[in-house]
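Below is one structure, written out as structure tokens, with a few remarks after it.
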């Protein structure tokens, strides 16, 4: 569990602010917990790398340096393929114009699969497979809960038509893929377990429709951080995907999928002023550093633009980023709080826990990695873009 | 008005999506309009480069290749200084730990000024000035409207104490700076004109306090896109700052500070699927490409995550990005609309006008610049980070 440069940690006040901190021990513990849970359920784990976008983090999360892994952009696929990851699924419905880039990544040796949910996309993939001689592997996206894309799990005709078009056209039908995105809006453990079970049933139903039509369906892939965390039985599922759990965030804490004390990601900020009559402390982390994500605004406990902690990562009682401008964060006590505003002079550093790790991470190009002593042991680059 | 590579434009379908488009003619027209307005009011124009973060855009916006200009991060200051900009203000209250970086930028030949609003910061700057022999120029931040930082304009004691500490300590007191950020929440032209006048009065009051105490105040700097646009008289003001007006966005259109047809920035996206029973079209631009900014949610006309246009930039009637996941945008008609959903098959491209140009731009690392024929004439890099 040692950081990459044990003993060489630099103090936080050597960092320019705002910047992104990653607690390596919390990251490793979050990964170990998810892995143990999924191993117990008898399924493979395919971490989603869209949150971290970092090869160093991926190597901690993946079960092998070659994967499996899930990506949300072809830029991620290219970056992780260059870093040795071989087994990837590009988890956004394929635009046919992207086939050339997918082919180039596959030609480099990575087994990159794609997803789609229409016969027209299947035809484009089949035409590509025939023209290139590469039997591109495809998972049919199935709609777990009405959240966004995917064929309805009971729409046997469309599932079979897509599968048939792929197989007859020379592509490879690898299976079905679902994402229970609506689970992010839940909080009750029983409801979350029910969402996980509904995702499983939808997956097994869709896989059954393909198999009954004589089509292959070796992979049955489900996942989201909440349903991965609350699944009790995954019979018929072959793999689970999750990403945000690695870092955790306030939205997932509101869901109950992570504990606040397990959140591994924070933004380091410096106090730059006060409006004492209003009870405001102004810091140099605004929405550019924190992201515009206000996911907790829809939850029972609204955490503003983030929960404010001391430099050791301990939350100050009731202190939030109450508002944010581009490069200004306004710290204030939660409305109605009886707490005292901490004494934080100009130049003091604070750490801010994010609403949404995917969104906050994307505002930065590197992680400053904390060792067990809360010092900066390494800098890990991360990518953005498409 | 010709693009940088006239006649060499590439069609939009050669671009990987999602990506950022910039209509150069609209940008130039927005700049010309603001310049003419401010020239008519007899004040200098200091464009804020925090929206564009691009040297090519800065050179169009600035009155000379050397500036003046405003920046929101020291990363911007370094980047623009390397590109030849000489007259800059770093417009976020100074954390004393940043003085070394400010000094390095100044040592490279750029006249970079800083802002602050407390005696403790003034003491840190004075100590730096004495130690370095560089009379660092400082503007005192004054609070125009209770929006965030700044000394109250009527708080003569604090203003004079800060000014005295700077001057006596060897720094250079350059003036006062205000930002009427609350103007973003207005819509009525008379209220906007009143906000601009209130910003002017606050600036002149604070400048007067310094001058009456025998302190210098050569620069009286105000600005925000709405107050710049609606100011009718700027007597006593020496310069105006504004940034987002260059590109425009839906929030500024809701304020009335720009017209929707003048918005120069859009995100190009590709259709990747449909949920026909729900009236949804799914595209490959989610909140990662659009940003999480939902600024129009607080305005009378909520534009979702953006207004959807055809490839020529003409809005489809009532078609919005109704919801967004990380890499998925869900297009749907405005609630209650009588319009027909346009026929947009998988692979079709659309353009999405952003809520907030600063936030959407920050999700990207380049502009694909459109010429008058709507073709891609150039690629301009942009920076992010701190």
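A simple spin-label model places pseudo-atoms 7 Å from Cα toward Cβ; at residue A:130 and residue B:187 they are separated by 5.5 nm. Between residue A:60 and residue B:66, the modelled labels are 4.9 nm apart [label points 7 Å from Cα along Cα→Cβ]. GNM on chain B, alpha-carbon springs under 10 angstrom: the most fluctuating residue among B:190, B:269, B:135 is B:190. Working from Cα pairs under 8 Å separated by at least six residues, relative contact order for region A:28-101 is 26 percent. Rounded to the nearest 10 degrees, the angle from helix A:189-212 to the longest Cα principal axis of chain A is 20 degrees. For region B:130-281, the relative contact order works out to 20 percent when only alpha carbon pairs closer than 8 Å and six or more residues apart are counted. Looking down the axis that turns chain B into chain A, the chain B residue with its beta carbon nearest that axis, and the gap rounded to whole angstrom, comes out as B:292, 2. Counted over chain A, the DSSP beta bridges are approximately 50% antiparallel. A point 7 Å from Cα along Cα→Cβ stands in for residue B:191, and the other copies hold the same point at 3.6 nm, listed in rising order.
Would you list B:54, B:291 from fewest to most Cβ contacts within 10 Å?
B:54, B:291
Of the beta bridges in the protein assembly as shown, as assigned by DSSP with both residues counted there, near 50 percent are antiparallel.
For region A:41-244, rounded, prolate or oblate, judged on the Cα gyration tensor with a ≥ b ≥ c (square roots of eigenvalues), a/c < 1.5 rounded, else prolate if a/b > b/c? In terms of gyration-tensor shape, oblate. Across peptide A:358-365, the average count of Cβ atoms from other chains found within 10 Å of a residue's Cβ is 4. Angle, helix A:156-169 long axis vs. longest principal axis of chain A, Cα atoms, 0 to 90°, nearest 10? Value to nearest ten degrees: 70.
As a calculated quantity, the FRET efficiency between residue A:302 and residue B:339 at R0 = 25 Å, using C-beta atoms, amounts to about 0.10. Taking only Cα atoms, what is the 0 to 90° angle, nearest 10, from helix A:119-132's long axis to the longest principal axis of chain A? Tilt relative to chain A: about 80 degrees.
The Cα atoms of the protein assembly as shown cover 90, 59, 45 Å along the three principal axes, with the biggest extent listed first.
Distance between the pseudo-spin-label points of residue A:168 and residue B:157 (7 Å out from Cα toward the beta carbon): 8.7 nm. Summary value for chain A: 21 percent relative contact order, contacts being C-alpha pairs under 8 angstrom separated by 6+ residues. The length gained by stretching the chain between residue B:310 and residue B:120 to full extension, at 0.36 nm per residue less their Cα-Cα distance, is 63.1 nm.
How much length is gained on full extension from residue B:232 to residue B:201, taking 0.36 nm per residue of separation minus their Cα-Cα distance?
Residue separation times 0.36 nm, minus the Cα-Cα distance, leaves 9.9 nm.
Among B:370, B:344, B:116, the largest mean-square fluctuation in a Gaussian network model of chain B (Cα springs under 10 Å) belongs to B:344. Put in order of Cβ neighbour count within 10 Å, fewest first, the listed residues A:238, A:17 become A:238, A:17.
With a 10 Å cut-off around each Cβ of B:380-386, the average count of Cβ atoms from other chains is 4. Ordering B:34, A:10 by the number of other Cβ atoms within 10 Å of each residue's own Cβ, fewest first, gives A:10, B:34. Averaged over the residues of B:288-297, the number of partner chain Cβ atoms lying within 10 Å of the residue Cβ comes to 4.
Across the identical copies, the label point of residue A:33 (7 Å from Cα in the Cβ direction) is separated from its matches by 5.2 nm, in order from shortest. The other copies place their residue B:13 label points at 6.0 nm from this one, listed shortest first, where each point is 7 Å from Cα along Cα→Cβ.
No lab work stands behind these numbers, since they all come straight from the coordinates. Source: prediction; values computed, not measured. Methodologically, a virtual Cβ is constructed for each residue, glycine included, from the backbone with ideal geometry; neighbour enumeration extends over all protein chains shown.
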